[in-house]
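The values are calculated or read from the model by the stated rules, or taken from the named source; none is laboratory data. Everything numeric in this text was worked out from a predicted model, so none of it was measured. Glycine gets a Cβ as well: all are built from the backbone with ideal geometry, and neighbour counts include every protein chain shown. All accessible areas refer to the heavy atoms of the entire protein, side chains included, with ligands and DNA or RNA removed. Shrake-Rupley method; radii C 1.70, N 1.55, O 1.52, S 1.80 Å.
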2 protein chains.
Amino acid sequence: MLDETDRAIVRALLENARTANSALAELVGIAPSTCLARVRALRERGVIHGYHAEVDLPAVGLPLQAMISVRLRAHTREQNEGFRTTAPNLPGVLEVFHIAGADDYLLHVAVADPEALRSFVVDHLTTHPAVAQARTNLVFERIPGATPVI
Amino acid sequence: MLDETDRAIVRALLENARTANSALAELVGIAPSTCLARVRALRERGVIHGYHAEVDLPAVGLPLQAMISVRLRAHTREQNEGFRTTAPNLPGVLEVFHIAGADDYLLHVAVADPEALRSFVVDHLTTHPAVAQARTNLVFERIPGATPVI
DNA sequence: GATGAAAAGCTTTAAGC
DNA sequence: GCTTAAAGCTTTTCATC
């Protein structure tokens, strides 16, 4: 599905999404016009979903992160759908995962201070009709430097 | 620290890191030259760490994701350092979090198939000298659409 | 698919306000 | 911090291979 040139393009854009097309072309050893066509094809095929800035959360006033495991009351489609649509829109939510196991969802959140975290859990999670239980784990550190997966 | 214009710039680049400077300037209501200077300052101050492509994992051959909670044998500095430096370099690791609570680390991984997941856990985690236990939760779905945090 | 060349557009810098 | 203007790149298209 992807040849080695496509993978090299994806790796380069994972590392720096603003690499200029001319530089990208040189990096992977093809002509700029070809490179542009491949990048466009990768986007159109949905291999690349988008390009995002990586922000320093403490620098933008969100120095506290947590992982919150959420267990639903019942594992009905209705409760899942309800939580699924609510969760990503709660304030401070970075990511939402629907997971297998004892818990049903895992939320990665960033907040300004402990009070904001308390309010998030108490006002938005435990009061949600579908939620049975929420277990909060503070994040000491998000460890950087994961190797590109492809 | 950040004024409303800076935050608007960051929001725009969170959503699309490749927004052209001229478009960004218009979006936030300042002149292109000012906008360029602000974006550069945001990078130099470390508010923006970088720009990354968002990749469709199944499309690049990694259709299976898991969250793996790792508990260390002892909570010594040495064991923490050892695991901390190893974990981000294990194959398929997307993110590593050092967390508070019963478990010590949370790994988000993407793999090609169940056998790769088994091999990751058995060959790289449970055989690591610092690791006491690893609990694997499959990710059914990474739910999109989280609201920008700033 | 890939290329090279031309046109269009964008970035970047500097000077003056 | 804004505007303007100019130079230098980049992107994009298109005819061609």
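Only one of the listed residues (B:GLY29, B:GLY61, B:GLY50) is more than 12 Å from DNA strand D (Cβ to nearest atom) and not assigned by TED's automatic domain parsing to the domain that holds B:ALA116. That residue is B:GLY50. Selection of segment A:21-38 for residues being within 11 Å of A:THR5 (Cβ to Cβ) and within 6 Å of DNA strand C (Cβ to nearest atom) yields A:ILE30, A:THR34, A:ARG38. Screening A:ALA53 on (1) facing chain B (nearest Cβ under 7 Å); (2) within 11 Å of DNA strand C (Cβ to nearest atom) shows it passes everything except condition (2).
Annotation note: Cβ proximity below 9 Å between a residue of segment A:1-27 that is under 19 Å from B:ASN16 (Cβ atoms) and among the small types (Gly, Ala, Ser) and a residue that is open to solvent by 70 Å² or more (accessible area, probe 1.4 Å) and away from DNA strand C (no atom under 11 Å from the Cβ) (sequence gap 6+ or interchain) occurs for A:ALA12/A:LEU27; A:ALA17/B:GLU54.
When residues in segment A:67-86 are screened for being farther than 15 Å from A:ARG135 by Cβ and within 7 Å of chain B (Cβ to nearest Cβ), 1 of them pass.
Would you call B:VAL93 out of contact with any Pro (no Cβ under 6 Å at 6 or more places or on another chain), within 8 Å of chain A (Cβ to nearest Cβ) and not charged (D, E, K, R)? Break it down stepwise before answering.
Values: out of contact with any Pro (no Cβ under 6 Å at 6 or more places or on another chain): yes; within 8 Å of chain A (Cβ to nearest Cβ): yes; not charged (D, E, K, R): yes.
The answer is yes for B:VAL93.
Among residues of segment B:110-126 that are under 16 Å from B:ASN89 (Cβ atoms) and of a type outside the set (A, V, I, L, M, F, W, C), none has a Cβ under 6 angstrom from a residue that is modelled with pLDDT under 95 and surrounded by 12 or more Cβ atoms within 10 Å (Cβ to Cβ) at a sequence gap of 6+ or on a separate chain. Where residues in segment B:66-87 are of a type in the set (Lys, Arg) and not in a helix (DSSP H, G or I), which of them is surrounded by the most Cβ atoms within 10 Å (Cβ to Cβ)? Out of the qualifying residues, it is B:ARG71.
Exactly one residue out of A:LEU36, A:LEU62, A:LEU27 is within 12 Å of another protein chain (Cβ to nearest Cβ) and at negative phi, and it is A:LEU62.
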